[in-house]
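Read-outs: derived from the displayed coordinates by stated rules, not from any lab. No experiment lies behind these values; they were computed from the predicted model shown. In this analysis, Cβ positions are derived from the backbone assuming ideal geometry, glycine residues included, and neighbour counts consider all displayed protein chains.
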Amino acid sequence: MSRRTPRLFAATLAVAALALGACAEKTSDDTPAAGSSSGAAFPATVGNLTLDKRPEKIVSLSPTATEMLFAIGAGSQVTAVDDQSNHPADAPKSELSGFQPNAEAIAGKNPDLVVLANDTNKIVAQLTALKVPVLLTPAAATLDDTYRQLTDLGTLTGHPTEAADVTTRMKDEIGKLTKDLPQRSTKLTYYHELGPELYSATSKTFIGSIYALAGLQNIADASDADGKNGGYPQLSQEVIVKANPDFVFLADVKCCQQSADTVKARSGWAGITAVKNNQVVALDDDVASRWGPRVVDLLRSIVDATAKVPA
């Protein structure tokens, strides 16, 4: 499964889910003006990192951070992104890797700020020794983590007002999506698939918390009740078939070419409620594995799919 193993997913959630339509247009794609917002102030401090002036050569080695930077209007300050950052399409993709970061290669871009999702091979210490400012933005565990990272990036890039606007829009959209959910006597159940090897994510994870907002019950929770799998258990065909989920959500469409047809062809799966009722939902792998502004898109996809089932 290479880059889609739960270990990598849990570490970065960035390679392995936002408002379809309006919110997406207002966040990731409609980049605000390039100048600093009126609320910007330097020196700017986040945690132990202080920048004396606005960074103009930002290197992002996290696809989620890349989306966040562009969403808050700092896209013009981003001069290089990692090889997995593919949104927005005009992000300056480079040969740099977030999985196997090379301090010398990163420093060769002459950045005045590097944003990372994890401290692989103690890259933070290596870059610090080279006097390269580094901000670590690890995989979010909650939506509050997402909002905090947007705020931190807004502070350090000179776009605090735009960052606040993005988080406000996200909260508003999420509130609208969850406000009028149908009241069900029994919760709809689901299986979220990270890969065809049947790795999933429990309700304790960030992705699981998004499904919980939609009022769904996760069949993977029982498989990781003791937490030994860190929230990313590998299920068996038998467990999934026996659980008989109402929905199957596929986050392995791009990477692994999974679809409603491939799911139906699996041994014993044709009789699952999700398959019989055509409730196998193909997600965008990237949206479903990142914790940036497009998480609203993921929630909308879930809500729209489940709304078709009578309460």
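Whole-Hz Karplus values for the stretch 65-78 come out as 4, 4, 4, 5, 4, 5, 5, 8, x, 9, x, 5, 8, 8 Hz, taken residue by residue from phi with 6.51 cos²θ - 1.76 cosθ + 1.60 and θ = phi - 60°; glycine and proline positions read x. In a simple Cβ point-charge model (Lys, Arg +1; Asp, Glu -1; nothing else charged), the chain has a dipole of about 500 debye relative to its Cα centre.
Applying 1/(1 + (r/R0)^6) with r as the Cβ-Cβ distance of LEU49 and THR168 and R0 = 35 angstrom yields a FRET efficiency of 0.90.
With viscosity set to 1.002 mPa s at 20 °C, what whole-number translational diffusion coefficient in µm²/s follows for the stretch 181-306 from Stokes-Einstein and a Kirkwood radius over Cα pairs? Rounded to a whole number, D works out at 148 µm²/s. Close amide H contacts of VAL78 (hydrogens built in the peptide plane, cut-off under 5 Å, sequence separation of 5 or more or a different chain): ILE58.
With the radius of gyration and the Kirkwood radius both derived from the Cα set of the stretch 30-188, what is their ratio Rg to Rh? Could the numbers behind the result be given before it?
On the way: Rg = 16.8 Å, Rh = 16.3 Å.
Ratio of gyration radius to Kirkwood radius for the stretch 30-188: 1.03.
Could you tally the net charge around ALA140, taking each other residue with its Cβ under 14 Å from the Cβ of ALA140, Lys/Arg +1 and Asp/Glu -1? So the environment of ALA140 carries a net charge of 0. On full extension, the segment bounded by VAL309 and SER236 gains 23.6 nm, given 0.36 nm per residue less the C-alpha separation. Paramagnetic label reach from ARG266 (point 7 Å along Cα→Cβ; backbone nitrogen cut-off under 16 Å): within the stretch 200-221, residues 200-202, 218-221. Bridgeable aspartates and glutamates around LYS179 (alpha carbons under 18 Å apart, same-chain partners fewer than 8 residues away excluded): ASP297, ASP304. Determine the relative contact order of the stretch 217-298: mean sequence separation of Cα pairs under 8 Å and six or more apart, normalised by residue count, in whole percent. After rounding, I find 28 percent. Ranked for footprinting exposure by Cβ neighbours inside 10 Å, fewest first, VAL296, VAL275 give VAL275, VAL296. Ordered by the number of other Cβ atoms lying within 10 Å of each residue's own Cβ, fewest first, PHE70, PHE42, PHE249 fall into the sequence PHE42, PHE249, PHE70. Of all DSSP beta bridges confined to the chain, the antiparallel ones make up roughly 15%.
Straight Cα distances below 19 angstrom link LYS228 to the lysines LYS204, with same-chain residues fewer than 8 positions distant left out.
Exposure proxy check: SER259, SER60, SER289 ranked by fewest other beta carbons within 10 Å?
Going from sparsest to densest Cβ surroundings: SER259, SER289, SER60.
In the stretch 142-274, Cα pairs under 8 Å separated by at least six residues give a relative contact order of 22 percent.
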